[in-house]
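Structure first, commentary second.
The values are calculated or read from the model by the stated rules, or taken from the named source; none is laboratory data. Just so you know, these numbers come straight off a predicted model, no measurement behind them. Cβ placement follows ideal geometry from the backbone for every residue including glycine, while neighbour counts extend to all protein chains displayed. Side chains are part of the model used for accessible areas, which takes the heavy atoms of the whole protein and leaves out ligands, DNA and RNA. Shrake-Rupley method; radii C 1.70, N 1.55, O 1.52, S 1.80 Å.
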Amino acid sequence: MSACAQDAPLPHRPAARPPVRPGWAGEPLRLAALLAPAAVVFAAFFLLPLVRLILIGAGGTAGWSAYLTTLADPGHLDSLISTLALSAGVTLVTLAVSTVAGLFLVRNRFPGHALLVALLTFPLAFPGVVIGFMVIMLAGRQGLIGTITQALGAGKLVFAYSMAGLFLGYVYFSIPRVILTVMAAAEKLDPRLEEAARSLGASSWRVVADVILPALKPALISAGALCFATSMGAFGTAFTLATRINVLPMTIYTEFTLQANIAAAAALSVLLGLITWAALAVARSVAGTSVAAAG
Amino acid sequence: MPDSVMQNSFHLDAVPIRLERCGKTFAGGARALEPLDLTIRGGETIVFLGPSGCGKTTTLRIIAGLESPDPGGRVLFGEEDVTALPIERRNVGMVFQSYALFPNMTVAENVAYGLKVRKIARADRGRRVEEMLDLMHLGEFAGRRIDQLSGGQRQRVALARALVVRPRVLLLDEPLTALDAKLRDSLRLEIDRLLRGLGITAVYVTHDQGEAMALGDRIVVMAKGRVAQVGTPREIYYQPADGFVADFIGTMNRLGGMARGGTLSIGSATLPWSGPEGAVELLVRPEDLALAGEADGHLGGTVAAAVFLGDRTRLVVEPADGPALTVDAAGRSELGRGDRVWLRVDPARVLAVP
Ligand SMILES: Nc1ncnc2c1ncn2[C@@H]1O[C@H](COP(=O)(O)OP(=O)(O)OP(=O)(O)O)[C@@H](O)[C@H]1O
Ligand SMILES: [Mg+2]
């Protein structure tokens, strides 16, 4: 009521002039001055290199069509497809494992709970190189798994240097991030919702499908998008494993340092960036609408 | 009246509930509920009333199957022992203070959920949901998202969702507490109408005595994990079992008196008496104390405060000795602070605690 009265023009009183703040005209200038350092940093360290990269990609003998011809190269296309497949697989498996483990850890308290959470999130501290090293120790030529299978007479099982090894390493270092996100979201679930569903006759599985997963969906989508992006761009692990699979970052590295094919490397880099960025954008918009729908 | 036709078609079974020696000790050793025996008649609305933390919700959750009683306790629905059944197999309807509606579903989908879980055919489901929404005056909201509803509408959706599956028992845990006063009154009336119409056995938890009096066929007053009294609203109000119940329900005055040889002396007066002998504490409701003149009054005092409530004026009177008394005078009474008044006590309406 009173707010309306204030907003409405008052016909009987002479309209009060809005108070003129001294120096108001200088406001945009001051704002610009304040933003300038951030703008300079953004331009110098983000925009310029990016533009440069895009231009270099088009600067080879093929010109702008380099962006198409790079992909026409079967090696490059293979690399792109296997990287996409690897990242998608890693994302799905990580989400599945982390959701189950995260929910379990939030729902159950037991001795050693805090220690287990700490251990699970330990890989956060490792660079990709160390992860690769650990995969080799587990599944490499002198690895634990190989030794055990050999002792069992099943022959030496070595998969560190294949897609499987890379997959294992990526999942290993993706789990901590996703599990932390899932746990944070699971803490906020309203237990009354589950009780209401159960009172209506829903089995545990239905409660998971109808109540828990929809509530976790926004968190799973954003965690999954980050996991996907990280896997697309990961380099250290692949490098350490000297894998036979050429993931895209490895291909870029090879083109750049060994072949000195700078234009192709730049074009691939831009492509990698675009695909990852698009995946993140799609995830964000899907998560955004589902958040809105969940109220 | 299309309403009453609806309600008849929705008449539900009246299943009695029996709690036998149901206690609850939580992990960590906290005793939330002393072993409790209680029979709830089929079709009855019973209200658990008591201060915060007295074990109302715990008892409700034991009936629901969300908590199991300590070993030795049994929960029976009719003749069936349901102690070992989890909530999803007890067929109970639940309504929570926080509504607990599924945010990812529309109003109609929320109401249909229990039927979907029971694998009721789509056509049948649609018809029953529609009927239920009409009964709860929610027809126009069927396609709405939950966050587009007011609190009162949400709670009506929650009721519809719980009732559409024809539960054996309806359990409500402070369903009106989150609503504002006016809405609370109108929804309380609606719930009352619904429970009477459906004939379902209902257990209603509240800490609001007004709600308890208005809704309950019987009230279970609880204190510190124990049942203090079970009775109809009138019994609880006029014959409280002990001082706790007396103080918790409504306003109760306490008077010191001395009973000897068939007479009771209060203040300067001596009244005929048939209650216990000796020094007694007398409990009197404000409406059972009457203002009187100096000649026929039993007890003199000074008005310490007068609150005009419209239909009556509530006086706080300080007698010469003893605690202050609350008395109701007529709304138009001109009495005010500092006035000298005399009160009459009707010995038939006085409760004595030795
Ligand atoms: N899961 C639990 N673990 C341990 N103690 C609990 C648990 N749930 C309830 N309690 C304790 O049991 C007692 C009774 O709780 P309950 O929820 O039944 O009270 P209430 O009467 O419903 O109170 P309110 O009016 O505040 O809802 C309280 O002291 C509470 O702290
Ligand atoms: Mg409670």
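Somewhere in the range A:141-159, is a residue hydrophobic (A, V, I, L, M, F, W, C), at negative phi and in contact (Cβ under 8 Å) with a residue 24 or more places away in the chain? No: the range A:141-159 contains no residue that is hydrophobic (A, V, I, L, M, F, W, C), at negative phi and in contact (Cβ under 8 Å) with a residue 24 or more places away in the chain.
Every residue, every condition in (1) part of a helix (DSSP H, G or I); (2) touching a residue at least 12 places away in the same chain (Cβ under 8 Å); (3) open to solvent by less than 10 Å² (accessible area, probe 1.4 Å); (4) not acidic (Asp, Glu), yes or no:
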{"site": "B:Pro103", "(1), (2), (3), (4)": "no, yes, no, yes"}
{"site": "B:Ala112", "(1), (2), (3), (4)": "yes, yes, no, yes"}
{"site": "B:Asp124", "(1), (2), (3), (4)": "yes, no, no, no"}
{"site": "B:Asp147", "(1), (2), (3), (4)": "yes, yes, no, no"}
{"site": "B:Arg156", "(1), (2), (3), (4)": "yes, yes, no, yes"}
{"site": "B:Ala162", "(1), (2), (3), (4)": "yes, yes, yes, yes"}
{"site": "B:Arg166", "(1), (2), (3), (4)": "no, yes, no, yes"}
{"site": "B:Leu170", "(1), (2), (3), (4)": "no, yes, yes, yes"}
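Of the residues in the range B:22-45, at least one is within 14 Å of another protein chain (Cβ to nearest Cβ) and at negative phi. Of the residues B:Arg122, B:Arg196, the single one that is away from chain A (no Cβ under 14 Å), under 23 Å from B:Phe77 (Cβ atoms) and of a type in the set (Lys, Arg) is B:Arg196.
With respect to the conditions (1) touching a Ser or Thr at 6+ places or on another chain (Cβ under 8 Å); (2) under 25 Å from A:Leu193 (Cα atoms); (3) away from ligand 2 (no atom under 16 Å from the Cβ), B:Leu215 lacks only one, and its number is (2). Mind checking whether some residue in the range A:67-83 is in contact (Cβ under 8 Å) with a residue 24 or more places away in the chain, in contact with a Ser or Thr (Cβ under 6 Å, 6 or more places away or on another chain), assigned to a helix (DSSP H, G or I) and not β-branched (Val, Ile, Thr)? Taking every residue of the range A:67-83 in turn, at least one turns out to be in contact (Cβ under 8 Å) with a residue 24 or more places away in the chain, in contact with a Ser or Thr (Cβ under 6 Å, 6 or more places away or on another chain), assigned to a helix (DSSP H, G or I) and not β-branched (Val, Ile, Thr). Within the range A:198-209, restricting attention to residues that are more than 7 Å from every other protein chain (Cβ to nearest Cβ) and not β-branched (Val, Ile, Thr), which residue is most open to solvent (accessible area, probe 1.4 Å)? Within the range A:198-209, the match that is most open to solvent (accessible area, probe 1.4 Å) is A:Trp205.
Before we move on, is B:Val157 touching a helix residue (DSSP H, G or I) at 6+ places or on another chain (Cβ under 6 Å), within 13 Å of chain A (Cβ to nearest Cβ) and of a type in the set (Val, Ile, Thr)? Criteria met by B:Val157. Residues in the range B:161-183 that are charged (D, E, K, R), away from ligand 2 (no atom under 16 Å from the Cβ) and modelled with pLDDT of 90 or more: 3 in all.
Residues in the range A:143-184 that are in a loop (DSSP other than H, G, I, E, B) and either within 17 Å of the chain's Cα centre (by Cα) or among the polar types (S, T, N, Q) (or both): A:Ser162 only.
The single condition from (1) open to solvent by 10 Å² or more (accessible area, probe 1.4 Å); (2) within 14 Å of chain A (Cβ to nearest Cβ); (3) at pLDDT 95 or above that B:Ile63 fails is (1).
Does the range B:340-347 include one or more residues that are surrounded by 13 or more Cβ atoms within 10 Å (Cβ to Cβ), closer than 15 Å to B:Gly256 by Cα and hydrophobic (A, V, I, L, M, F, W, C)? For the range B:340-347, residues surrounded by 13 or more Cβ atoms within 10 Å (Cβ to Cβ), closer than 15 Å to B:Gly256 by Cα and hydrophobic (A, V, I, L, M, F, W, C): present.
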